[in-house]
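**Q** Below you will find the structure I want to go over with you.
Read the figures in this text as sums done on the coordinates, not as results from a lab. Worth saying up front: this structure is predicted, and the values here are computed from it rather than measured. Using ideal geometry, Cβ is built from the backbone for each residue, glycine included, and neighbour counts are taken over all protein chains shown.
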Amino acid sequence: MEITVVGCGAVTAVGQGIDSLRAAIRANSSGLRSCARFKTPIYQSDILGAVPNGGLVDDPVFHLADLALREARAQAAATLDKFPPARIGFVLSTTKANIEALERLIDGRPCSESAQKHLQAHGLAADLAATHGAAGPVQTISLACVSGIVAIQQAAKLLQRDAVDAVLVVGVDCLSPFVAAGFSALRALDPLGCRPFDRDRNGLSLGESGAALVLARGHGEITICGWGGSNDANHLTGPARDGSGLVLAMRRALKAAKISPRDIGYVNAHGTGTPYNDAMESLALRSVFGDECPPVSASKGMLGHTLGAAGIVETIICILAAQEQLLPGTPRLTAPADGAPTQLLKEPRAATNLRHILKLGTGFGGVNAALVLRHG
């Protein structure tokens, strides 16, 4: 039984819709820019992956998730129309839900009842599921920066055990003073904008996005064929320096997919641009692939770190890479760091028979995740 992707949707810093994302991949362009809302000394950086006009609505997380789900459902209409609502599940990935509503309440600013309800991730998930006709099981995943990959995994498990016939998976997080202040306190933001795997990298850039997938059983162009996870239990915010946790997650994903490292044609790295994450990820890739590392790139220089949406929107980038047979570049990379992956892609390039793709994620608390996609 295969788990296939039958629909995708996304709203990101490079624009609304999958076509905007596809165009940005081809051009290797970046959506990171100075954002006036965060241009104060309180924040370490105002260079962010903000959705155009994304902060101008009452309930931004619902708005972004809704837009992404509408596009994904439109692509998957022929599949979804076969099933009653009770056989359609829903999985939400988010780290902060509508935390921006809390800030408005504290400041005494207007805030609708629905925006307040969506302070709680389960309330956001319930309303999105109801709006989009998913009356089956509803799950919420909030597992730091690997939330999106784990949400895809959970959706696949619902299908594997025949709890549903299709699943809507959506990841969403929005920029907010709360999030920007938190990462500033950690001194984790690059004042010049993130530069994954660059020798001068100096931190991450925050971003916001709504990203959605529709999964179903059957034969299709893109298959979810394996996944793995681990927790290296190293530190609250820092990964194990040797990459051992990520190595374990990768090997579990490859084993589940019943393939070997040499079958992977492209790796989409987590690539936050922080010194420790990128160094750890480079070591982990070397441990799994040795001197035969496949082409590698990172997408956060394009979109910023979109937190709960990252694993899903970056999986969509992998899907587009397979469909276009185009290996994405690493936007904003200037000069690769010592020890960076040997086949680190600065610019996009044509692929030949790109079949298996490995998507990686790591997060606070030592969590690690890996996902294998198959094309064709």
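**Q** Give Lys96/Lys255; Lys300/Lys346; Lys157/Lys359; Lys258/Lys359; Lys39/Lys300; Lys157/Lys300 a once-over and call out the pairs whose C-alpha atoms are over 23 Å from each other.
**A** Over 23 Å apart, Cα to Cα: Lys96/Lys255; Lys157/Lys300.
**Q** Based on other C-beta atoms within 10 Å, arrange His63, His356 from fewest to most.
**A** Fewest-to-most Cβ neighbours within 10 Å comes out as His63, His356.
**Q** Also, quick follow-up: Output the antiparallel fraction of DSSP beta bridges having both residues in the chain, as a percent to the nearest 5.
**A** Percentage antiparallel, nearest 5: 65.
**Q** Fewest to most neighbouring Cβ within 10 Å: what's the order for Asp19, Asp173?
**A** With the fewest neighbours first, Asp19, Asp173 line up as Asp19, Asp173.
**Q** Summing +1 for each Lys or Arg and -1 for each Asp or Glu, what net charge is found among the other residues whose Cβ lies under 9 Å from the Cβ of Gly228?
**A** Result for the neighbourhood of Gly228: +3.
**Q** Also, I was wondering about something else. Taking the structure as given and computing Kirkwood radius over Cα pairs in Å, which label from (i) 22.2; (ii) 20.1; (iii) 21.7 fits?
**A** (ii)
**Q** May I ask for the net charge around Ala180, where only other residues with Cβ less than 14 Å from the Cβ of Ala180 are counted and Lys, Arg are +1 while Asp, Glu are -1?
**A** Taking every other residue near Ala180 into account, the sum is -2.
**Q** Turning to a different aspect of this structure: Count the net charge of all other residues whose Cβ sits under 14 Å from the Cβ of Arg349, scoring Lys and Arg as +1 and Asp and Glu as -1.
**A** Within the 14 Å Cβ shell, the charges total 0.
**Q** List, in order, the whole-Hz ³J(HN,Hα) value for each residue of the range 239-248 obtained from phi through the Karplus relation with A = 6.51, B = -1.76, C = 1.60 and θ = phi - 60°; use x for Gly and Pro.
**A** Karplus values, whole Hz, x for Gly and Pro: x, 4, 5, 8, x, 4, x, 5, 4, 4.
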